[in-house]
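Following: one structure in structure tokens, then a few remarks.
The values are calculated or read from the model by the stated rules, or taken from the named source; none is laboratory data. The shown structure was predicted, so the numbers you read here are calculated from the model rather than taken from an experiment. Neighbour counts run over all protein chains shown; Cβ positions are idealised from the backbone, glycine included. The protein model used for the area step is the full one, side chains on, heavy atoms only, and it has no ligands, DNA or RNA in it. Shrake-Rupley method; radii C 1.70, N 1.55, O 1.52, S 1.80 Å.
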Amino acid sequence: ISAEAPPSPWGIPGLAQPGHSQPWTSFSAGCPAIHPRCRWGAAPYRGSPRSLQLPLGFLYVHHTYIPAPPCTDFAHCAADMRSMQHFHQDTRGWDDIGYSFVIGSDGYVYEGRGWHWVGAHTLGHNSRGFGVAFVGNYTAELPTEAALRTVQDVLPGCAVRAGFLRPDYTLLGHRQLVRTDCPGDALFNLLRTWPPRSPLQSIDSGNLGPDFSRSTCNSPCPLSCSCTISAQP
């Protein structure tokens with residue numbers, strides 16, 4: 001990756017830079033804990049990633065369908081991330097896992113392509129919005145309340161404050177743009193009841209997860225880094 005690549009997600013205002021140990025500031029206090037790619041054991045990106053033109057105007061909601069069971073601890077969620085990346089790269093022939101972020105039922109967000117790179121999640125719309133997927137099949141049941149709140153309020157609020165997502169962004173289910181059953185009937189029916197509002201009004205000021213500010217990436221490219229992390233989930 002060239003030196004002109006966008007900065008790592010760790011470079012947003014208020015977040016400690018890789019290799020530094022200062023605590024999160026008030027910015028990160030209202031953001032969910034995001035496990036970086038190196039934490040869940042991502043394989044390298046294949047090819048040359050395309051940069052997003054930030055801020056974006058959409059947040060697209062998916063369910064993974066397979067894996068179908070929700071992941072409720074780090075070991076299972078990390079294994080699911082590796083499985084999905086393997087499927088997307090080796091079966092579908094994509095450059096990487098398609099989603100921007102993935103939401104586990106363990107209380108954490110998992111970085112896919114992240115804030116700066118075009119994903120492969122919503123055909124024809126990948127450059128216009130972030131694709132966020134809940135691990136599980138939500139045709140007949142719903143994700144946990146904590147996971148739902150992360151997608152409805154906390155993650156988009158964090159993105160708006162960082163300048164990655166427009167304050168007037170629109171949240172859509174995958175099926176509203178592509179012929180698909182995703183994100184499942186139960187989840188989609190719930191999404192339709194969520195009122196449009198500014199996520200900045202609903203951010204909790206408390207820390208929502210462990211401090212991963214001690215992450216150390218050995219590459220300037222967030223899609224191919226390796227890291228060590230002192231905090232444990």
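Some points to look at:
- Scanning the stretch 28-49 for residues that are among the charged types (D, E, K, R) and open to solvent by 10 Å² or more (accessible area, probe 1.4 Å) turns up 39, 46.
- Yes/no for residue 115 being more than 22 Å from residue 142 (Cβ to Cβ) and open to solvent by 60 Å² or more (accessible area, probe 1.4 Å): no
- Residue check for residue 106: of a type in the set (D, E, K, R), more than 17 Å from residue 187 (Cα to Cα) and either outside any loop (DSSP other than H, G, I, E, B) or open to solvent by less than 10 Å² (accessible area, probe 1.4 Å) (or both): no
- Flag for residue 131 being at negative phi and out of contact with any Asp or Glu (no Cβ under 7 Å at 6 or more places or on another chain): yes
- Subset of the stretch 109-120 (residues that are outside any strand (DSSP E or B) and aromatic (Phe, Trp, Tyr)): 115
- Residue 80 being in contact with a Cys (Cβ under 6 Å, 6 or more places away or on another chain) and either open to solvent by 30 Å² or more (accessible area, probe 1.4 Å) or touching a residue at least 24 places away in the same chain (Cβ under 8 Å) (or both): yes
- When each of 106, 96, 168, 90 is tested for being out of contact with any strand residue (DSSP E or B) (no Cβ under 9 Å at 6 or more places or on another chain) and over 16 Å from residue 71 (Cβ atoms), the lone residue that passes is 90.
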